[in-house]
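A.B. asks: Have a look at this one.
The values are calculated or read from the model by the stated rules, or taken from the named source; none is laboratory data. All of these numbers come straight from a predicted model, not from anything done at the bench. Note: ideal-geometry Cβ built from the backbone for every residue, glycine included; neighbour counts use all protein chains shown. The accessibility values were calculated without ligands, DNA or RNA, using every heavy atom of the protein model including side chains. Shrake-Rupley method; radii C 1.70, N 1.55, O 1.52, S 1.80 Å.
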Amino acid sequence: MDPSKQALDQVLLVAGISAYVTATLVFIGYFLSRSGLLRRIGIPLAAIGCCAQFAELGARWNMTGVWPLTNLYGSLSLFSAFGVLIFMIFAFKYDLWFIGFGVLGIAAITLGYATTWNEGYMPAVPALQSYWIKVHVPLVIAAYASFMVAFVVSLMYLLKAAFENRLGAGTALHGTVAGAGANVGVTMAAAYAATSPPPGTIASDTPHIDAAAARGDFWGLWLAGLPSLGKLDILTYRIVAVGLPLLTVGIITGAWWAKEAWGAYWQWDPKETAALTSWIIYAAYMHLHTRNAWRGTRTAWVSVIGFVSIVFCYLGVNIFISGLHSYKM
């Protein structure tokens, strides 16, 4: 094994983790302060981390000649990279940078955890030496990553909806712009002015938060600076609409691979059953989102439950439950 290539592999791995951790901290600052400077710093850091991860997987493949997604380390690494990539695509299109701390934080934790499963440069077991692994695994991991981004957006929806309901119930928010600091107050006020609809155009879906913002309440201004509940709901839907087809094709290609490797398309292996359960939850989400009575808080919770099922399918089954897909020794 070429020592210089091994060193490059480790440098890229460290670069990816470092960029993600730093970007997470920067985006936390942006989330709290709405500072344009912090956003401009966080974006290239996220891009550097994502590129470093893809480069590390490519360098490992070039160095060993073994497809890097044959173990949990490579799979989790790709999950982090895809998650950041999908986040950035949607963030550039829909100004989603306010969830950067959540996505980058999950990516950093996932990549850090992946290093505990780093088995070095061992060749794949015979069952994984198939061309299907180059199709099935990236599709499924991209689906998981999409659902992760949708999960973070759903949490933002539930956060804002909870505060709106709290204010509607007569519970006041405490905090003033003056008490929060002049610079932060000005930034909050500017964010509120930029996101609030012009008078007489469209009714707000968070009137109590807007009323608190109009009074100069710090937390009211902070919450009003987030996208509307309607926009958050639609963004979640659009991201899930990317992930569900990917998961569908991933399950189909997995069945074809299973037929070739084990002689049957479907064997009700724990992994297969868990993947089907996750698919049903997200298919239900897409259907329920067409119903006005379910759209909003209810579908946001379905999105959260769906991602919990994905975590169980991805890690719970693979690590703790014995089966054909298990990493359990």
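A.B. asks: Tell me, what is the FRET efficiency for Ala7 and Arg40 to the nearest 0.05, using R0 = 41 angstrom and their Cβ-Cβ distance as r?
C.D. replies: Working: r = 32 Å, r/R0 = 0.78.
Efficiency, from the Cβ-Cβ distance: 0.80.
A.B. asks: Over what distance in Å are the Cα centres of the range 1-69 and the range 233-281 separated?
C.D. replies: With the range 1-69 and the range 233-281 each reduced to a Cα centre, they are spaced 28 Å.
A.B. asks: In whole percent, and with a 1.4 Å probe on the protein chains, what portion of the accessible area of the range 236-281 is carbon and sulfur?
C.D. replies: Values: 1590 of 2240 Å².
Here it works out to 71 percent.
A.B. asks: Beta carbons within 10 angstrom, averaged per residue: use that to sort the peptides 101-108, 276-283, highest first.
C.D. replies: Working: 101-108: 24.8, 276-283: 18.1.
With the highest mean Cβ count within 10 Å placed first, the list reads 101-108, 276-283.
A.B. asks: So, one more: So, taking all protein chains as they sit and a 1.4 Å probe, how much accessible area belongs to Leu96, in Å² rounded to tens?
C.D. replies: We get 0 Å² for Leu96.
A.B. asks: Which one of Thr253, Tyr237, Trp294 is farthest out on the positive end of the charge dipole of the range 215-298, using unit charges on Cβ (Lys, Arg +1; Asp, Glu -1) and the Cα centre as origin?
C.D. replies: Final value for the positive-end residue is Trp294.
A.B. asks: Let me ask you something else. Which whole-number value in Å² is the accessible area per residue of the range 1-120, probe 1.4 Å? Before the final figure, lay out the partial values.
C.D. replies: Details: 4760 Å² over 120 residues.
With all protein chains present, the range 1-120 gives 40 Å² per residue.
A.B. asks: Hey, what D do you get for the range 229-329 in µm²/s if you plug the Kirkwood alpha-carbon radius into Stokes-Einstein at 4 °C and 1.567 mPa s?
C.D. replies: On the way: Rh = 14.6 Å.
The estimated diffusion coefficient comes to 89 µm²/s.
A.B. asks: Now for a separate question. Given 0.36 nm per residue, what is the gain on full extension from Ile319 to Ala47 after removing their alpha carbon distance, in nm?
C.D. replies: 94.9 nm is the gain from fully extending Ile319 to Ala47.
A.B. asks: I would also like to ask the following. I'd like the accessible area for Asp205: 1.4 Å probe, protein heavy atoms, all chains in place, Å² to the nearest 10.
C.D. replies: 70 Å²
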